[in-house]
Amino acid sequence: MAYFILVCSASNRVGRSQAPTGSPRDKENRMSAMEIGRKLVELSNAGKGVEAVETLYSDAIVSIEAQGSEEMPARQEGIDAIRKKNAWWYDNHEVHKAEATGPFCGHREDQFAVKFDIDVTFKPSGQRTQMSEVGLYTVLDGKVAQEEFLYLMS
């Protein structure tokens, strides 16, 4: 199981009814998914994943990993849960190298993807691993409302 930390409802989709409301001025100043993606990649490559979470993520963020455990469930909701996930990641991993590439955008204006290549040692076991994963991000009202990580399985 890997978490790159930068790194709603019972369904995996973020619904419009869950969107926070704001003034028209707030809507004018919101960043687009492409702008958020560029900033996320920039902060990730600068080693500022915690800053990315604090500045780009919704308070109601949903994070979905491909795998989970009792200690670290695959699905987590809310900014406080993501902060705890970040703390767990940094407490348990020594990052030797991490590179974010993207953002990759498609036909949906509310989504982007980022590819992460990571060289990390899991501190409890001492096992060093190189891995790649893709983060699929959904933006709602100018903030990342959902992140889902997809792993290269062999």
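The values are calculated or read from the model by the stated rules, or taken from the named source; none is laboratory data. These numbers come from a predicted model, not from an experiment. Here the Cβ positions follow ideal geometry from the backbone for every residue, glycine too, while neighbour counts run over all protein chains shown.
Please return the ranges of strands (runs of 3 or more DSSP E) entirely within region 29-113 where 3 or more residues are at pLDDT 95 or above and crowded, with 17+ Cβ neighbours inside 10 Å. If you could, list the steps in order and put the result at the bottom.
On the way: elements: 57-64, 75-77, 93-104.
Where strands (runs of 3 or more DSSP E) fall fully within region 29-113 and carry at least 3 residues being at pLDDT 95 or above and crowded, with 17+ Cβ neighbours inside 10 Å, they are 57-64, 93-104.
Considering only region 128-148, I want to know if a residue exists there that is of a type in the set (A, V, I, L, M), touching a Pro at 6+ places or on another chain (Cβ under 8 Å) and not in a loop (DSSP other than H, G, I, E, B). Can you show your working first?
First pass over region 128-148, keeping only residues of a type in the set (A, V, I, L, M): 131, 134, 136, 139-140, 144-145.
Subsequent filtering for residues that are touching a Pro at 6+ places or on another chain (Cβ under 8 Å) retains none.
Looking through region 128-148, none of the residues is of a type in the set (A, V, I, L, M), touching a Pro at 6+ places or on another chain (Cβ under 8 Å) and not in a loop (DSSP other than H, G, I, E, B).
So Y151 fits all but one of (1) farther than 20 Å from M31 by Cα; (2) surrounded by 15 or more Cβ atoms within 10 Å (Cβ to Cβ); what number is the exception?
Exception for Y151: condition (2).
So is V134 among the β-branched types (V, I, T) and more than 14 Å from the chain's Cα centre (by Cα) or not?
Details: among the β-branched types (V, I, T): yes; more than 14 Å from the chain's Cα centre (by Cα): no.
No, not satisfied.
Restricting to region 114-133, what's the tally of residues that are surrounded by fewer than 18 Cβ atoms within 10 Å (Cβ to Cβ) and either within 14 Å of V41 (Cα to Cα) or acidic (D, E) (or both)?
Taking region 114-133 and keeping what is surrounded by fewer than 18 Cβ atoms within 10 Å (Cβ to Cβ), we get 115, 117, 119, 121-132.
Retained after the next criterion (residues that are either within 14 Å of V41 (Cα to Cα) or acidic (D, E) (or both)): 115, 117, 119.
So the answer is 3.
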